[in-house]
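Undergrad: Take a look at the following structure, please.
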Amino acid sequence: MAAEPLIGMIGGTGKLGAALARRWAKSGLSVMIGSRDAARAKEAAGALAAEVGRSVASGSNLQAAQAAQLLVVTVPYAAQAATLVEIRAAAAGKVLIDTTVPLMPPKVMRVQLPAEGSAAQRAQQLLGADVSVVSAFHNVAAHKLATDEAVACDVLVFGDDPVARERGVQLARAAGLRGLHGGALANSAAAEALTSVLIFINKTYAVDGAGVAITGALREPHAK
Ligand SMILES: NC(=O)c1ccc[n+]([C@@H]2O[C@H](COP(=O)([O-])OP(=O)(O)OC[C@H]3O[C@@H](n4cnc5c(N)ncnc54)[C@H](OP(=O)(O)O)[C@@H]3O)[C@@H](O)[C@H]2O)c1
């Protein structure tokens, strides 16, 4: 069986990145925490290492992108383009899972998708065809992932390459959630837009992190 790839967390010191890295490390996967500031990454990796009882690698975002075989980007929308351009060469030939939701403060409860159609398609355009972009985790609240509790939310995973997309489905499972193939990268617009709706629902109904769950009895996927 092939060894599990090292997961490079680009922006791994943040709310979503740290929570995912913690869940993956606790499930036995190897993560490397990346940051704009290698010292900040080292601090976050040290805290995680103390919790999981084994060392956790860290470095700059570029070092994480170079060292890891599988990349996960967890930076704010405003930082997405600059971050992806910085790691573009290191990401070539790899699967990159982008979690970006195109929230444009202050109107975060309003769906505002970029001209490219979605943040995921923007990522693919910025990175070029050498990088297999997958998008996921748009609708799961980081503060819920940061606990050991079950999170009542499905993870919709998008990407034009079904094999790369399956990586995202597996990572959702490793984080303790159900990952579902959601189709082509263009479909990411639906999940990205839904996040603004969920934020609106959180505010309107005083929900602590509303999520999405797909109903129906699902069988093994046969048409991806
Ligand atoms: N939070 C959630 O519940 C949630 C849920 C679903 C999806 N998302 C999406 O996940 C992404 C990350 O969200 P988050 O809440 O984890 O964000 P965050 O904590 O605000 O930021 C994540 C990391 O990005 C880096 N960063 C911040 N500003 C930057 C800048 N101007 N340039 C480059 N890097 C910068 C920082 O790392 P360093 O300072 O160490 O470099 C920071 O720790 C967003 O696109 C968000 O839409 C979030």
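Undergrad: Only one of I87, I10, I33 is crowded, with 18+ Cβ neighbours inside 10 Å and more than 10 Å from the ligand (Cβ to nearest atom); which?
TA: I87
Undergrad: Ok, one more. Residues to consider are A68, A3, A25; find the one that is more than 10 Å from the ligand (Cβ to nearest atom) and modelled with pLDDT under 95.
TA: When all the criteria are applied, what remains is A3.
Undergrad: What are the residues in region 193-224 that are closer than 19 Å to R167 by Cα and either basic (K, R) or surrounded by 15 or more Cβ atoms within 10 Å (Cβ to Cβ) (or both), if any?
TA: Correct list: R219, K224.
Undergrad: OK, next. Can you pull out the residues in region 172-200 that are within 14 Å of the ligand (Cβ to nearest atom) and without any contact (Cβ under 8 Å) to a residue 24 or more places away in the chain?
TA: none
Undergrad: Inside region 115-189, counting only strands (runs of 3 or more DSSP E) that do not spill past its ends, which hold 3 or more residues that are farther than 12 Å from L96 by Cα?
TA: By residue number, 154-159, 178-183.
Undergrad: Further question: I need the full set of residues from region 91-111 which are outside any strand (DSSP E or B), out of contact with any Phe, Trp or Tyr (no Cβ under 8 Å at 6 or more places or on another chain) and either within 12 Å of the ligand (Cβ to nearest atom) or aromatic (F, W, Y) (or both), in order please.
TA: Answer for region 91-111, where residues must be outside any strand (DSSP E or B), out of contact with any Phe, Trp or Tyr (no Cβ under 8 Å at 6 or more places or on another chain) and either within 12 Å of the ligand (Cβ to nearest atom) or aromatic (F, W, Y) (or both): P105, V108.
Undergrad: Let me ask you something else. Could you check R178 against (1) of a type in the set (D, E, K, R); (2) within 20 Å of T215 (Cβ to Cβ); (3) in contact with a Ser or Thr (Cβ under 7 Å, 6 or more places away or on another chain) and say which number it fails?
TA: (3)
Undergrad: Residues to consider are R165, R173, R178; find the one that is in contact with a strand residue (DSSP E or B) (Cβ under 6 Å, 6 or more places away or on another chain), of a type outside the set (F, W, Y) and buried (at least 23 other Cβ atoms within 10 Å of the Cβ).
TA: When all the criteria are applied, what remains is R165.
Undergrad: Name the residues in region 36-55 that are within 11 Å of the ligand (Cβ to nearest atom) and charged (D, E, K, R), would you?
TA: R36, D37, R40, K42, E43 - these are the residues of region 36-55 that are within 11 Å of the ligand (Cβ to nearest atom) and charged (D, E, K, R).
Undergrad: Could you list, in sequence order, the residues of region 71-84 that are within 11 Å of the ligand (Cβ to nearest atom) and either surrounded by 23 or more Cβ atoms within 10 Å (Cβ to Cβ) or assigned to a helix (DSSP H, G or I) (or both)?
TA: V72, V73, T74, V75, Y77, A78, A79, Q80, A81, A82, T83, L84, listed by residue number.
Undergrad: Moving on to the next point. I'm trying to understand the selection: among the residues of region 139-162, which are out of contact with any strand residue (DSSP E or B) (no Cβ under 9 Å at 6 or more places or on another chain) and among the β-branched types (V, I, T)?
TA: T147, V151
Undergrad: Among the residues of region 77-96, which ones are free of Cβ contacts under 8 Å to residues at least 12 places away in the same chain and under 18 Å from A142 (Cβ atoms)?
TA: Of everything in region 77-96, just one residue is free of Cβ contacts under 8 Å to residues at least 12 places away in the same chain and under 18 Å from A142 (Cβ atoms), namely A78.
Undergrad: Count, please, the residues in region 88-138 that happen to be touching a strand residue (DSSP E or B) at 6+ places or on another chain (Cβ under 6 Å) and hydroxyl-bearing (S, T, Y).
TA: Summing the residues that are touching a strand residue (DSSP E or B) at 6+ places or on another chain (Cβ under 6 Å) and hydroxyl-bearing (S, T, Y) in region 88-138 gives 2.
Undergrad: Turning to a different aspect of this structure: Within region 10-47, work out how many residues are touching a residue at least 60 places away in the same chain (Cβ under 8 Å), closer than 17 Å to K94 by Cβ, of a type outside the set (V, I, T) and not in a helix (DSSP H, G or I).
TA: 3
The values are calculated or read from the model by the stated rules, or taken from the named source; none is laboratory data. Here the structure is a predicted model, which means the values were calculated and not measured. Because the Cβ atoms are built from the backbone with ideal geometry, glycine has one as well, and the counts that use them run over all protein chains shown.
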